[in-house]
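The values are calculated or read from the model by the stated rules, or taken from the named source; none is laboratory data. Predicted model, so just to flag it, every value in this text is computed and none were measured. When we count neighbours, we look across all protein chains shown, and the Cβ atoms used for this are built from the backbone with ideal geometry, even at glycine. Heavy atoms of the whole protein, side chains included, go into the accessibility calculation; ligands, DNA and RNA do not. Shrake-Rupley method; radii C 1.70, N 1.55, O 1.52, S 1.80 Å.
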Amino acid sequence: EAQRIAKIGSWEWDLATNKLTWSQEQFRLFGEDRKTFDLTYQGYLNHLSGKEQVRTGALIQDALEGKANYAVEHEIIRKDGTKLMVFEQGTVLFDEKNKPTGMLGTTQDITERKKNEEELVLAQKKFQAIFDNTAEGIYQSTMDGKFIMANSAMARILGYKSEEELLRSVTDIGTQVYANSADRQRMSELLACQDHIENFESSLIKKNGELIWISESTR
């Protein structure tokens with residue numbers, strides 16, 4: 001019941017007989033029937049694509065030879081053709097002569113986690129596209145005046161060729177960017193009291209020394 005809730009199956013492989021022992025959750029993950037499935041190493045490999053069979057076989061062989069631990073994330077093909085992403089890990093068993101006799105391990109369903117990771121990557125890419133292509137300058141800084149990140153529009157507004165040049169060149173925003181460093185200090189004090197400021201106007205110094213006026217919204 002604990003395995004079912006956690007979506008983690010357990011397995012054991014006897015090298016002498018080439019037979020596998022699976023828990024009930026392991027059968028469920030692979031979509032197989034305990035009464036009819038050929039519980040052998042090849043039977044397990046048949047649930048992987050051809051390319052993944054080669055990769056997994058090599059990883060298992062390395063584990064049996066003591067070169068590495070067996071741990072792999074890969075896709076399995078269930079009996080009905082549906083697919084799951086799983087994380088498998090195993091421990092090699094040795095006899096008194098230090099020869100491998102088998103392996104035991106677990107298989108965990110990580111399909112939902114991988115889906116969430118992929119959605120997060122897409123969201124990050126979408127955010128990055130907005131961040132990079134907006135016409136407004138966007139930046140993040142420490143409270144003591146160091147840029148953490150900035151977009152290309154912010155660099156362009158301040159007369160720098162790229163955001164990399166901006167971050168590399170400016171080490172103190174209060175004295176290098178604000179024409180009146182007191183403006184930066186006043187903004188920090190306001191943020192400490194109200195967390196968000198809209199349309200804070202101040203004069204900034206561009207790379208070439210030119211002064212420009214900007215309206216800033218800060219959180």
Working from Cα positions, state the angle (0 to 90°, nearest 10) between the long axis of helix 111-133 and the longest principal axis of the chain. 20 degrees
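Leaving out ligands, DNA and RNA, and with a 1.4 Å probe, what % of the accessible surface on the chain is carbon or sulfur? All intermediate terms of the calculation are to be shown ahead of the outcome.
Details: 7080 of 13580 Å².
Heavy-atom surface of the chain belonging to carbon and sulfur, 1.4 Å probe: 52 percent.
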If you take Cα Rg over 2.2 N^0.38 Å from the coordinates, which of [x] 1.70; [y] 1.02; [z] 1.11 do you get? [x]
Restricting to Cα pairs below 8 Å that are 6+ residues apart, what does the relative contact order work out to for the range 84-157? Please round to a whole percent. 21 percent
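Normalised by the residues of the chain, what does the relative contact order come to in percent, with Cα pairs under 8 Å and at least six apart? Please list the in-between numbers first.
On the way: 334 pairs, mean separation 26.1, N = 219.
Relative contact order of the chain: 12 percent.
Over the range 66-219, give the accessible area per residue in Å² for a 1.4 Å probe, as an integer. Kindly include the intermediate steps, with their values, before the conclusion.
On the way: 9850 Å² over 154 residues.
Here the residues of the range 66-219 average 64 Å² of exposed surface.
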Tilt, helix 181-194 to longest principal axis of the chain (alpha-carbon atoms), in degrees rounded to tens, equals 50 degrees
Given the -39500 (n - 2.57) contribution per DSSP H run of 4+ residues, what per-residue ellipticity at 222 nm results for the chain, rounded to the nearest 500 deg cm²/dmol? -11500 deg cm²/dmol
Suppose a student asked you for the relative contact order of the range 124-165, using Cα pairs under 8 Å spaced at least 6 residues apart; what percent would you report? 30 percent
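Under a Cβ-only charge scheme (Lys and Arg +1, Asp and Glu -1), can you give me the dipole magnitude of the range 85-153 about the Cα centre, in debye to the nearest 20?
Details: 8 positive and 11 negative charges, 24 e Å.
Rounded to the nearest 20 debye, it is 120 debye.
Which order do GLU52, GLU112 take by accessible area at a 1.4 Å probe, largest first?
Numbers: GLU52 30, GLU112 110 Å².
Solvent-accessible surface, decreasing: GLU112, GLU52.
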Charge dipole (the chain, unit charges on Cβ, about Cα centre) - positive-most of LEU190, GLY9, TYR178: GLY9
Spatially proximal lysines relative to LYS99 (Cα-Cα < 22 Å; intrachain offsets below 8 disregarded): LYS19, LYS67
In degrees, nearest ten, helix 50-64 long axis to first principal axis of the chain (Cα): 80 degrees
